[in-house]
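A short worksheet on the structure shown next.
The values are calculated or read from the model by the stated rules, or taken from the named source; none is laboratory data. Quick caveat: nothing in here was measured; it's all calculated off a predicted structure. Counting neighbours? That spans all protein chains shown, and the Cβs are built from the backbone with ideal geometry, glycine included. Protein only, heavy atoms only, side chains kept; ligands, DNA and RNA dropped before computing areas. Shrake-Rupley method; radii C 1.70, N 1.55, O 1.52, S 1.80 Å.
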Amino acid sequence: MVLLRDILADIPLVKLIGTSDIPIAEITADSRQVRPGSLFFALRGLHTDGHQFIEQAVAQGAVAVVCEEIPEHPSPHISYVTVSDSALACGIMAGHFFGDPSKHMQVVGVTGTNGKTTVVTLLYQLFSRLGFRTGLISTVQNIIVDKPEPATHTTPDAIQLHRLLARMHQQGCYTCIHGGQFACHPSEAHCRRALHRRYFHQYHP
């Protein structure tokens, strides 16, 4: 099992309250998905602030919290990792938690306003026909080698993205073709920064 200290590499800490020698069973930025042993990321969104749900996450079994502000009444049994930017920390730590899968693949990203799905689909078909085991992440569907599944989010967040890349790596994918809007929200921009990508192009049809 992954320890908290293992996924704190490359993270500029402001303060750590508690121990980093605790096992992390799961990571999430959604307090409703917290289960015992989870690490909860308190992210500031456009409409909600994850810091408001720290107590709920702790009550549901979170053993560690990554946040920008320590709660007024922190639990003595919880490790609090304070950072200046929770979204950036989430992108990097999610990669570490899932074994940095993008380090082991050729990640080709396509961003832009229109035409992303068409371009990434053509690239996926090209790489596949050339004999490369390829994954696809698009706004319509995700494909792991030759098994499609519906895309649940227009652009996956950092945790969803690295989880999906890890599944692709486990299935032997050499290449991942990724299309999405990365600049519309800070947490999505940090998804892009956290990737170990070989190629990333802005596409303007």
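Observations, loosely collected:
- Computed over protein heavy atoms with a 1.4 Å probe, the carbon and sulfur contribution to the accessible area of the range 125-178 reaches 53%.
- Less than 5 angstrom separates the built amide H of GLU68 from those of VAL83, all sequence-distant by 5 or more or on a different chain.
- Accessible surface area normalised per residue over the chain is 51 Å², counting heavy atoms of protein chains with a 1.4 Å rolling probe.
- For the pair THR139 and ASP49, label points projected 7 Å from Cα toward Cβ lie 3.1 nm apart.
- Accessible-area composition of the range 1-46, carbon plus sulfur, in percent [1.4 Å probe]: 53 percent
- Sequence-ordered 3J(HN,Hα) estimates for the range 162-178 from the Karplus curve with 6.51, -1.76 and 1.60 and θ = phi - 60° stand at 5, 5, 5, 4, 5, 5, 5, 4, 5, 8, x, 5, 8, 10, 10, 9, 10 Hz, glycine and proline given as x.
- Karplus-based coupling profile of the range 112-122, in residue order and whole Hz: x, 8, 10, x, 4, 4, 4, 5, 5, 5, 5, with θ = phi - 60° in 6.51 cos²θ - 1.76 cosθ + 1.60 and x standing for Gly or Pro.
- From the coordinates shown, Cα extents along the principal axes in Å corresponds to which of [x] 77, 42, 26; [y] 56, 34, 28; [z] 62, 34, 27: [y]
- Between the range 97-137 and the range 57-75, the alpha-carbon center distance in angstrom: 36 Å
- Taking the chain and dividing mean pair separation by its residue count, relative contact order in percent (alpha carbons under 8 Å, at least six apart): 21 percent
- The range 1-84, relative contact order in percent, only Cα pairs under 8 angstrom and at least six apart counted: 30 percent
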